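Everything below concerns the one structure shown next.
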Amino acid sequence: MAYDYMTRVALNRPVDESEAARRIDVRKPVADEAADAHAVFGMNDVYLEVCDASYSQVGWCLLAFLIGFPAFVFFTVTAIQGAVEVNPAMVRNGEQGAFSVGMWVFAVVGVLCCAFTVVLLLRDCFNYRHKSVRFNRKTRTVYAFRHSGPGGVIAVSWDKAFFFVHRLPSNATFGGAPTLMRCFVLDDSGKKIVDTFSFGLRTVNGAKESTRYGKQVLYQVQTNFEFIRRYMEGGPDSPPPVKKYLPRGPSLRASMSLWFYGLRDLGGVSAGFRIFSLVLSVPVFLLSVLHYIAQLTSREPNWPEDVEAACDNVRPTVVAEV
């Protein structure tokens, strides 16, 4: 089992039929258009570096900690007070002991919940600012950064990697089914999944993919992969120019640009969508600030020397950072 940010993916199993049916052939276009989707850190003649699919989610776990930790601390303190305070009426009825034991159980549950919120906090803060993915067209290898040190980078051949559009289970609370590009790393037999990572644009599809709207949302993810595919197959001049590169360091303006990406397009649709976008702008601004705070507390990933050597130690060309 592997965790891709907060997404759990089963490993050491065969590819199922639904995944096999969605596999992408890197030799063939997956979309008529190509878009960088505001997911590119840099690009040169050797490699293209993009963010992982969870990059836009950074800030959610910090929000959960800010809400959950104080609430569970209050719950735990209240439970401890209930366990140690003596109620004369309960003492007379012989119920004080059972009540105290029950409150101590609640206190332990509260402590465990506090610990869980700290784990969530560490997903966003005091971690890495991003866990990017490099597509090296010189060696035709894909490198996915997970952490520094041994085993911290997943390397897989571009031609052997199992790429597909991963549609996660729908969640009405968050607007639908998260949809993103995922790569399965297969064993030598090409049948069993041994590792995985996601990259590029992450969208939420609130409709079935058979509907017109559902197809449009799916197409956004496909055009982002087509951008990468064209780069790998034809070089940096094959995809359209990058409109805006992601910065490597923390930037409130960049975090806001990331979270408001796409929301600004709603304003031009209709008056109803303009009102809807204004309502959404408040929580989106909050998440932008939390994204920025998480970036401030974290560090930039350092690629291993062998990966840097394979990439000719060349920093990707960035024409315009936010």
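Read-outs: derived from the displayed coordinates by stated rules, not from any lab. In this text, all values refer to a predicted model and were calculated from it rather than measured experimentally. Glycine gets a Cβ as well: all are built from the backbone with ideal geometry, and neighbour counts include every protein chain shown.
With each label modelled as a point 7 angstrom along the Cα→C-beta vector, the Phe116-Asp237 pair spans 5.6 nm.
Here Trp158, Trp104 are placed in order of increasing Cβ neighbour count within 10 Å, fewest first, which gives Trp104, Trp158.
Quick one: angle between helix 60-84 and the longest Cα principal axis of the chain, in degrees between 0 and 90, rounded to 10, please. The two axes meet at around 10 degrees.
Could you calculate the FRET efficiency of Ser210 with Arg23 from 1/(1 + (r/R0)^6), where r is the beta carbon distance between them and R0 is 30 Å, rounded to 0.05? According to the calculation, E is roughly 0.95.
If contacts are Cα pairs under 8 angstrom and at least 6 residues apart, what is the relative contact order of the chain in percent?
On the way: 544 pairs, mean separation 87.7, N = 322.
After rounding, I find 27 percent.
Taking packing as the residue-averaged number of other Cβ atoms within 10 angstrom, the listed peptides 125-136, 70-81 run from highest to lowest as 125-136, 70-81. Averaged over residues, the count of other Cβ atoms within 10 Å places the peptides 291-298, 168-175 in the sequence 291-298, 168-175, highest first.
For the chain, adding -39500 (n - 2.57) for each run of n ≥ 4 DSSP H residues and dividing by the number of residues yields -13500 deg cm²/dmol at 222 nm.
Taking the number of Cβ atoms within 10 Å of each Cβ as an exposure proxy, the fewest-first ranking of Arg123, Arg230, Arg299 is Arg299, Arg230, Arg123.
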